[in-house]
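The structure appears below as structure tokens.
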Amino acid sequence: MAETITARAMEKKKFADFTRAIVDNGYQLYGPAIEGREAIIAQIAEQADVSFDYRNFKMSPKDLFLSQSEVLCRFCRGEIVPDAAADDGRRVLLGIRPCDAKAISLMDKVFLQEPADSYYKRKRDNTVVISAVCSSPEDTCFCTSVGGSPASTEGSDILLTDLGESYLLEPVTPKGEDFLNRFSSLTRNASKNEVREKERIVEEAASRMQKMDLEGIAERFAKAFESDLWDTPSQRCLGCGICTYFCPTCHCFDVTDETLHENGRRLRTWDSCMYSLFTLHASGHNPRPSQRERTRQRFMHKFSYSVDNYGELFCVGCGRCIKHCPVNIDLREVIAP
Amino acid sequence: MAEQMKLEEATLSDTGKDDLDNIYLPHLMVIQEIAQETPDVKSMKLVFKDEEMQKNFSFRTGQFGEFTVFGVGESTFNICSSQTWRDHIECCFRKVGRVTKALWEMNEGDIIGFRGPYGNWYPVERMEGKNILFIAGGIALPPVRCMIWHALDLRDKFKDIAILYGARSVADLVFKRELEEWEKRDDVTVVTTVDPGGETPDWKGKIGFVPTVLKEMSPRSDNAIALVCGPPVMIKFTLPVLYGLGFAKEDIITSLENRMKCGVGKCGRCNVGNVYVCKDGPIFTAAQVELLPEEY
């Protein structure tokens, strides 16, 4: 198989050399760090011990591509001052799970489609994504139901698997291949056994997740637009928007200005369809007047409109919305056939 | 620090030429002329600060833009002038939100920002050679007015032109001087109306709601296209009258409005079902609107 030819492997004891080499080569390295009891994505110093024995990051990595808040331009006395502080640094994003990597590939469809979003594109172009195969999914995970897998490669440049003694490193894109070639002295050809071991890990992880049959969900939801399907989740919903903040594919944003004396800036900030202000017209008219319409919008956008517009479900099954909802709304109960 | 200062000075007057691929960067426009249309509506003539930009700028009648008051924010307005006018563009707004209140306070000569043109445009080719019926209510005359001027500027390309415009009161009619100008022409039929109670002693137009007056007018639907813009309630009661007159859903055109931020289909808020008003609209036929959920 082609994969066995291109796959590389790295002894675990060499991984610290790898991260050091990455940093020495001028990349900013973002990877796993432990904060309290949660794994988070943090910038990693060259000497850090990196391990991949967390389940998933608390937050998705979307902030690294679509910042929660970012300056679009600055102005002074009615003139535009280009933002000289734009960060063009090359980055390596290490250890995100394949679900989150797939979410990046979905965001690509929105932000790289013409006219491309230069802020997103710059960050995307400058980043090498090394995702880590998921060996221990959480109770809330359902990636296999939405077309993903614990080892899906969409959105990744390199796929890493923790094999116990070594790491398997499979290049996914030419960018990932080039990257691995630069550090070829630290890797060797992977053995057939190593590739087989990865497949076993993936199968076992997948078997731990319940799989829903979501075939035809776009049409099913389109037909259910006026149905009572939305009643239960929307009656409980507080409209806090936490589901959209944790969601790796939610990408809706607001654009606002702020000023101090003569200097101002325009900011792009994450926004949420769960808020009434999101669609409120200046006239007072609101096309989505209650939480029912707003809840429906969130589900329709992810499972129906996105299929119409991009040919993809905009849900990767990471389960964060389920895990963090303060009133225990379980998305799976709404989408299940 | 000195170097930094120099950089800022050098770029201070720049209109963003070095960042052409930045879709969020507004272009600077000078407010050339302001007209107060009603107690809370103004229209503005705008020209690009950069003369080259003005020369090269083109748009299609019916498109919209994002207008910036620097430090306050952006608002979405239809470009209410016609594509046939090349030396400036116009916008018209009601003082109702934060940005429009700030815009209201601005003076001729002041600078605002503009991004656009965005969205689709009126299907002019399909309208040529036909009788055109323009129907507008209140502040929705501007998105119709751009097409009215387009048709009047290229008068030979269109057959009969009729305009029905209504507002709550005489004071709420916008572009009054243009209504008078159109009334004087013999190649346009103009009917203005105000809601009952909104008339003044010397009001010479009709008194009544737009759908009722439309029924009285009873325009012919053969070889005709109707362009309808107004508040949702006006549209709701006008469409059945048009259907009754024999207009096909495909021959009724409207312009939808939803709250927008980016204008290019990314910020995710103006969608009606799977359609983005900013990208797939704002111009739709009644047949298209009928297929959409009522989220506009």
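The values are calculated or read from the model by the stated rules, or taken from the named source; none is laboratory data. On a predicted model such as this, the values are computed, not experimentally measured, just so you know. Cβ coordinates were reconstructed from backbone atoms using ideal geometry, including for glycine residues, and neighbour counts include every protein chain displayed.
Every residue in segment A:194-212 that is loosely packed, with under 14 Cβ neighbours inside 10 Å, touching a residue at least 12 places away in the same chain (Cβ under 8 Å) and not in a loop (DSSP other than H, G, I, E, B), please.
Hit for segment A:194-212 is A:Glu204, nothing else.
For segment B:178-208, what are the residues that are in contact with a helix residue (DSSP H, G or I) (Cβ under 7 Å, 6 or more places away or on another chain), of a type outside the set (D, E, K, R) and more than 16 Å from B:Phe134 (Cβ to Cβ)?
Correct list: B:Val194, B:Gly198, B:Thr200, B:Trp203.
Pick out the one residue from A:Phe65, A:Phe75 that is buried (at least 20 other Cβ atoms within 10 Å of the Cβ), out of contact with any Cys (no Cβ under 9 Å at 6 or more places or on another chain) and within 12 Å of chain B (Cβ to nearest Cβ). Walk me through how you get there before you give the answer.
Working: A:Phe65 fails: within 12 Å of chain B (Cβ to nearest Cβ).
Being buried (at least 20 other Cβ atoms within 10 Å of the Cβ), out of contact with any Cys (no Cβ under 9 Å at 6 or more places or on another chain) and within 12 Å of chain B (Cβ to nearest Cβ) holds for just one of A:Phe65, A:Phe75, which is A:Phe75.
Would you mind stating whether B:Ile139 is touching a residue at least 60 places away in the same chain (Cβ under 8 Å) and buried (at least 22 other Cβ atoms within 10 Å of the Cβ)? Please lay out each step first, then the result.
Numbers: touching a residue at least 60 places away in the same chain (Cβ under 8 Å): yes; buried (at least 22 other Cβ atoms within 10 Å of the Cβ): yes.
Here the answer is yes, as B:Ile139 does meet what is asked.
Which of the following residues is out of contact with any helix residue (DSSP H, G or I) (no Cβ under 9 Å at 6 or more places or on another chain) and more than 12 Å from chain B (Cβ to nearest Cβ): A:Cys318, A:Cys240? Show your work before the answer.
Numbers: A:Cys318 fails: out of contact with any helix residue (DSSP H, G or I) (no Cβ under 9 Å at 6 or more places or on another chain).
The conditions single out A:Cys240.
When you check A:Gly311 against the structure, is it at positive phi and more than 13 Å from every other protein chain (Cβ to nearest Cβ), yes or no? Walk me through how you get there before you give the answer.
Values: at positive phi: yes; more than 13 Å from every other protein chain (Cβ to nearest Cβ): no.
No, not satisfied.
Just checking, which of A:Glu215, A:Glu293, A:Glu219 is out of contact with any helix residue (DSSP H, G or I) (no Cβ under 6 Å at 6 or more places or on another chain), more than 10 Å from every other protein chain (Cβ to nearest Cβ) and part of a helix (DSSP H, G or I)?
On the way: A:Glu215 fails: part of a helix (DSSP H, G or I); A:Glu293 fails: more than 10 Å from every other protein chain (Cβ to nearest Cβ).
After ruling out the rest, the residue left standing is A:Glu219.
Given (1) modelled with pLDDT under 95; (2) closer than 24 Å to B:Pro143 by Cβ; (3) in contact with a helix residue (DSSP H, G or I) (Cβ under 7 Å, 6 or more places away or on another chain), identify the lone condition not met by B:Asn78.
Of the numbered conditions (1) modelled with pLDDT under 95; (2) closer than 24 Å to B:Pro143 by Cβ; (3) in contact with a helix residue (DSSP H, G or I) (Cβ under 7 Å, 6 or more places away or on another chain), the odd one out for B:Asn78 is (1).
For residues that are closer than 28 Å to B:Arg155 by Cα and either crowded, with 18+ Cβ neighbours inside 10 Å or not assigned by TED's automatic domain parsing to the domain that holds B:Gly137 (or both), tally how many sit in segment B:195-216. Break it down stepwise before answering.
First pass over segment B:195-216, keeping only residues closer than 28 Å to B:Arg155 by Cα: B:204-206, B:210-211, B:213-216.
Now drop any that are not either crowded, with 18+ Cβ neighbours inside 10 Å or not assigned by TED's automatic domain parsing to the domain that holds B:Gly137 (or both), which leaves B:205-206, B:210-211, B:213-214.
Number satisfying all stated conditions: 6.
One residue is enough: does segment B:249-272 have a residue meeting the conditions surrounded by fewer than 24 Cβ atoms within 10 Å (Cβ to Cβ), part of a helix (DSSP H, G or I) and among the small types (Gly, Ala, Ser)?
Checked against the condition, which is being surrounded by fewer than 24 Cβ atoms within 10 Å (Cβ to Cβ), part of a helix (DSSP H, G or I) and among the small types (Gly, Ala, Ser), segment B:249-272 yields no hits at all.
I'd like the residue in segment A:262-289 that is part of a loop (DSSP other than H, G, I, E, B) and within 18 Å of B:Arg98 (Cα to Cα) and, out of all such residues, is nearest to the chain's Cα centre (by Cα).
Only one residue fits best here, namely A:Thr279.
Can you tell me which residue in segment A:274-284 is nearest to A:Gly239 (Cα to Cα), limited to those that are surrounded by 14 or more Cβ atoms within 10 Å (Cβ to Cβ) and either among the aliphatic types (A, V, I, L, M) or facing chain B (nearest Cβ under 7 Å) (or both)?
Quick first cut of segment A:274-284, residues surrounded by 14 or more Cβ atoms within 10 Å (Cβ to Cβ) only: A:274-276, A:278-282.
After this cut, where a residue has to be either among the aliphatic types (A, V, I, L, M) or facing chain B (nearest Cβ under 7 Å) (or both) as well, the list is A:274, A:278-282.
Numbers: A:Met274: 5, A:Phe278: 11, A:Thr279: 14, A:Leu280: 15, A:His281: 19, A:Ala282: 21 Å.
Filtering first and then ranking leaves A:Met274.
For segment B:231-248, give me each residue that is surrounded by 15 or more Cβ atoms within 10 Å (Cβ to Cβ), modelled with pLDDT of 95 or more and assigned to a loop (DSSP other than H, G, I, E, B).
B:Leu245, B:Phe247, B:Ala248
So if I check each of B:Leu256, B:Leu291, which one is over 20 Å from B:Gly116 (Cβ atoms) and either within 14 Å of chain A (Cβ to nearest Cβ) or not acidic (Asp, Glu) (or both)? Explain how you work it out, then say what you get.
Details: B:Leu256 fails: over 20 Å from B:Gly116 (Cβ atoms).
Within the list B:Leu256, B:Leu291, the selection yields B:Leu291.
Tell me, which strands (runs of 3 or more DSSP E) lie completely within segment A:52-145 with 1 or more residues that are more than 30 Å from A:His261 (Cβ to Cβ) and in contact (Cβ under 8 Å) with a residue 24 or more places away in the chain? Write out each step before concluding.
Numbers: elements: A:69-76, A:79-81, A:91-96, A:127-132.
Once the strands (runs of 3 or more DSSP E) in segment A:52-145 are filtered for at least 1 residues that are more than 30 Å from A:His261 (Cβ to Cβ) and in contact (Cβ under 8 Å) with a residue 24 or more places away in the chain, what remains is A:91-96, A:127-132.
Looking at segment A:88-133, which of its residues are acidic (Asp, Glu), within 10 Å of chain B (Cβ to nearest Cβ) and in contact with a helix residue (DSSP H, G or I) (Cβ under 6 Å, 6 or more places away or on another chain)? Full working, then the answer.
Our first condition is that a residue be acidic (Asp, Glu); within segment A:88-133, this holds for A:88, A:100, A:108, A:114, A:117, A:125.
Applying the additional criterion that residues be within 10 Å of chain B (Cβ to nearest Cβ) yields A:114, A:117.
Across segment A:88-133, the qualifying residue is only A:Asp117.
Which is crowded, with 21+ Cβ neighbours inside 10 Å, within 13 Å of another protein chain (Cβ to nearest Cβ) and on the phi < 0 side of the Ramachandran plot, of B:Met29, B:Met106, B:Met44?
B:Met29
So which of B:Ala140, B:Ala151, B:Ala162, B:Ala102 ends up being modelled with pLDDT of 95 or more, in contact with a strand residue (DSSP E or B) (Cβ under 9 Å, 6 or more places away or on another chain) and within 15 Å of B:Val41 (Cβ to Cβ)?
On the way: B:Ala151 fails: within 15 Å of B:Val41 (Cβ to Cβ); B:Ala162 fails: within 15 Å of B:Val41 (Cβ to Cβ); B:Ala102 fails: within 15 Å of B:Val41 (Cβ to Cβ).
Just a single option satisfies the conditions, and that option is B:Ala140.
Which one of these is over 21 Å from the mean Cα position of the chain (by Cα), charged (D, E, K, R) and within 11 Å of chain A (Cβ to nearest Cβ): B:Lys184, B:Lys279, B:Lys266, B:Lys204? Walk me through how you get there before you give the answer.
Values: B:Lys184 fails: within 11 Å of chain A (Cβ to nearest Cβ); B:Lys279 fails: over 21 Å from the mean Cα position of the chain (by Cα); B:Lys204 fails: within 11 Å of chain A (Cβ to nearest Cβ).
On inspection, the qualifying residue turns out to be B:Lys266.
Do any residues in segment B:205-227 that are over 18 Å from B:Ala286 (Cα atoms) have Cβ atoms under 8 Å from those of residues that are in a strand (DSSP E or B) and at pLDDT below 95, where the two are at least six apart or on different chains, and which pairs are they?
From segment B:205-227, no pairs qualify.
Restricting to segment B:72-96, and then to whatever is in a loop (DSSP other than H, G, I, E, B) and over 13 Å from the mean Cα position of the chain (by Cα), can you tell me which residue is surrounded by the most Cβ atoms within 10 Å (Cβ to Cβ)? It would help to see each step written out before you state the result.
Let us first name the residues in segment B:72-96 that are in a loop (DSSP other than H, G, I, E, B), namely B:72, B:79-88, B:95-96.
With the extra rule that they be over 13 Å from the mean Cα position of the chain (by Cα), the set shrinks to B:72, B:84-88, B:95-96.
Numbers: B:Val72: 20, B:Thr84: 13, B:Trp85: 15, B:Arg86: 12, B:Asp87: 10, B:His88: 17, B:Lys95: 16, B:Val96: 17.
Per the stated criteria, the residue is B:Val72.
Going residue by residue through segment B:112-122, is there one that turns out to be out of contact with any Phe, Trp or Tyr (no Cβ under 7 Å at 6 or more places or on another chain), part of a helix (DSSP H, G or I) and at pLDDT 95 or above? Spell out how you get there, then give the answer.
Taking segment B:112-122 first, the residues out of contact with any Phe, Trp or Tyr (no Cβ under 7 Å at 6 or more places or on another chain) are B:115, B:120-122.
Next, from what is left, pick out any that are part of a helix (DSSP H, G or I): none.
Scanning segment B:112-122 turns up no residue that is out of contact with any Phe, Trp or Tyr (no Cβ under 7 Å at 6 or more places or on another chain), part of a helix (DSSP H, G or I) and at pLDDT 95 or above.
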